[in-house]
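So the structure is just underneath, and the comments pick up after that.
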Amino acid sequence: MTQASELQTWLAGALPEVVWPDSLWLRLLPLVPMRRWARGAVVVRQGQPTPPLCGVVSGGLDMRFIAADGGVSVVEHTRPGQFFGLASFVSRLPSTYEAQATAPTRLLV
């Protein structure tokens with residue numbers, strides 16, 4: 001599957017109510033790079049500036065909150081077809097969670 005078809009498939013699945021004109025795909029592709037992370041890699045660090053809105057193509061992420069005493073709570077597991085980072089993307093505030101890859105993971109960023 002090409003990156004263009006992965007982007008099209010992901011967006012259609014994540015936002016099924018949106019009608020995407022065919023002419024839009026080639027213009028969107030350079031704006032939405034694919035990034036890869038190894039299992040255990042921290043994609044977003046709590047308290048740090050957040051990357052753009054991300055969509056999970058494959059793999060998965062644990063969204064974790066790290067307490068002042070070092071305790072870790074997994075708040076959510078993000079799977080393929082889901083996106084994350086919307087609140088920080090819109091607000092431009094630092095991330096309130098950490099995102100760690102639970103498997104080799106590919107994201108549309």
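The values are calculated or read from the model by the stated rules, or taken from the named source; none is laboratory data. Since we're looking at a predicted model, the values are computed, not measured. Cβ placement follows ideal geometry from the backbone for every residue including glycine, while neighbour counts extend to all protein chains displayed. The area values use the complete protein model at the heavy-atom level, side chains included, leaving out ligands, DNA and RNA. Shrake-Rupley method; radii C 1.70, N 1.55, O 1.52, S 1.80 Å.
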Quiz item: Within the group 47, 55, 85, which residue is touching a strand residue (DSSP E or B) at 6+ places or on another chain (Cβ under 7 Å) and farther than 12 Å from residue 99 by Cβ?
Solution: 55
Quiz prompt | Residue list for the stretch 1-27, filter: surrounded by 14 or more Cβ atoms within 10 Å (Cβ to Cβ) and more than 22 Å from residue 84 (Cβ to Cβ) | solution = 25
Quiz item: For the stretch 80-98, what are the residues that are modelled with pLDDT of 85 or more and within 24 Å of residue 29 (Cβ to Cβ)?
Solution: 80, 81, 82, 83, 84
Exercise. Please name all residue pairs, on different chains or six or more residues apart, with Cβ atoms under 6 Å, provided the first residue is in the stretch 87-109 and is on the phi < 0 side of the Ramachandran plot and the second residue is of a type in the set (Phe, Trp, Tyr) and modelled with pLDDT of 85 or more.
Key: 97/65; 101/37; 105/37
Exercise. Any residue in the stretch 68-86 that's closer than 30 Å to residue 8 by Cβ: show its pairings with residues that are open to solvent by less than 80 Å² (accessible area, probe 1.4 Å) and among the acidic types (Asp, Glu) at Cβ separation under 7 Å, as long as the two are six or more apart or on different chains.
Key: 77/62
Quiz item: Does any residue of the stretch 28-48 turn out to be surrounded by 11 or more Cβ atoms within 10 Å (Cβ to Cβ), free of Cβ contacts under 8 Å to residues at least 24 places away in the same chain and part of a strand (DSSP E or B)?
Solution: no
Self-check item: Lone qualifier among 53, 61, 26 - being of a type outside the set (Gly, Ala, Ser) and more than 24 Å from residue 94 (Cβ to Cβ)
Solution: 26
Exercise. Residue by residue through the stretch 55-93, note down the ones that are small (Gly, Ala, Ser) and part of a loop (DSSP other than H, G, I, E, B).
Key: 59, 60, 67, 68, 70, 71, 81, 85
